[in-house]
Amino acid sequence: MANLLNVARAFEYCGAEVKITTDAGEARRADRLVVPGVGAFEDSLIEIRDRGFDDAIHGFIGSERPLFGICVGMQMLFDVSDEFGEHAGLGVLPGRVRAVPNMTTNGAPQKVPHIGWNHLISPLSQRNWSDTLLHPYVGLHPAVYFVHSFSPEPSEVSHRLADCMYGGHRICAAVQHENIMATQFHPERSGKVGLLLLQRFMDL
């Protein structure tokens, strides 16, 4: 359910020893855990739960080792999604996954999915990017690559790390809370910006 090879290559470029695994026990023993995802929320979670990765993810987070979610891998960390009905997520972070609006704030139709490059901005809480994955970009608005039709709305504003604007709407682009980090955009497809972000995750 994921762009595994692209993600693996990006981490290898950053110096990681990467293991793609279908073994939940092996995942529990990793130094860092990455949960990428492409596709539908429910289908992805069925695969996660059938393979025992839901318990592995919860246990890994409880161990305080770094975990990184990408795209649907970010969405699955939240309580619930509205995609094709209401479906329970992993409940790691409080919040709901909702559809990207198909109308701008001015009432004009806009394309969904949201595809392409967009700039990261600070959330309304004005959370400082110092000591986060986005530390190199304090005061800057780097462009990253998105492909998605849904995005999470964190209930805790302090979890929200970065947003982007789409048709006048704020879209949650990244979260970071304790040892949990996740992006709605694809760092493995975001050029030097994405690679630097992955390197920051490696350096934790």
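The values are calculated or read from the model by the stated rules, or taken from the named source; none is laboratory data. None of the values given here were measured: they were computed from a predicted structure. Cβ sites come from the backbone with ideal geometry, for glycine too, and all protein chains shown count toward neighbours. Just so you know, the surface numbers come from the protein's heavy atoms only, side chains and all, with ligands and any DNA or RNA stripped out. Shrake-Rupley method; radii C 1.70, N 1.55, O 1.52, S 1.80 Å.
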Worksheet item: Antiparallel as a % of all DSSP beta bridges within the chain, to the nearest 5?
Response: 70 percent
Worksheet item: Cα gyration tensor of region 1-44, axes a ≥ b ≥ c as square roots of the eigenvalues: rounded (a/c below 1.5), prolate (a/b > b/c) or oblate?
Response: oblate
Worksheet item: So between Arg32 and Asp82, what do we pick up on full extension, going 0.36 nm a residue minus the alpha carbon distance?
Response: 15.1 nm
Worksheet item: For region 49-204, with every protein chain kept in place, what is the accessible area per residue (1.4 Å probe, Å²)?
Response: 44 Å²
Worksheet item: Once amide H atoms are placed 1.01 Å from N in the peptide plane, what residues at a sequence separation of 5 or more from Ala173, or on another chain, have their amide H within under 5 Å of its amide H?
Response: Ala162, Asp163, Cys164
Discussion item. Using a 1.4 Å probe on the protein heavy atoms, what percent of the accessible area of region 32-78 belongs to carbon and sulfur?
Written reply: 45 percent
Discussion item. Can you compute the FRET efficiency between Asp23 and His141 using 1/(1 + (r/R0)^6), with r the Cβ-Cβ distance and R0 = 30 Å? Round to the nearest 0.05.
Written reply: 0.15
Practice prompt. Only Cα pairs under 8 Å and at least 6 apart count here; give the relative contact order of the chain as a rounded whole percent.
Written response: 21 percent
Discussion item. Order Asp55, Asp31 by their accessible area, 1.4 angstrom probe, all chains in place, largest first.
Written reply: Asp31, Asp55
Fill in: Karplus-derived 3J(HN,Hα), 6.51/-1.76/1.60, for each residue of region 31-44, Hz, glycine and proline x
6, 9, 10, 10, 10, x, x, 9, x, 7, 4, 5, 4, 5
Item to complete: With a/c under 1.5 counting as rounded, go ahead and sort region 53-134 into rounded, prolate or oblate using the C-alpha gyration tensor (a ≥ b ≥ c being the square roots of the eigenvalues; past the cut-off, prolate if a/b is larger than b/c, else oblate).
Response: oblate
Worksheet, complete the sentence: For 94-106, 74-86, ranked highest to lowest by mean beta-carbon neighbours within 10 Å, the order is 74-86, 94-106
Fill in: Structure-derived Cα Rg over 2.2 N^0.38 Å: which label, when the choices are [x] 0.96; [y] 1.06; [z] 1.01
[x]
Worksheet, complete the sentence: Expected vector for region 8-25, Karplus 3J(HN,Hα) from phi with 6.51, -1.76, 1.60 and θ = phi - 60°, integer Hz, x for Gly and Pro, equals 4, 4, 5, 5, 4, 4, 7, x, 7, 8, 9, 10, 8, 10, 10, 9, 4, x
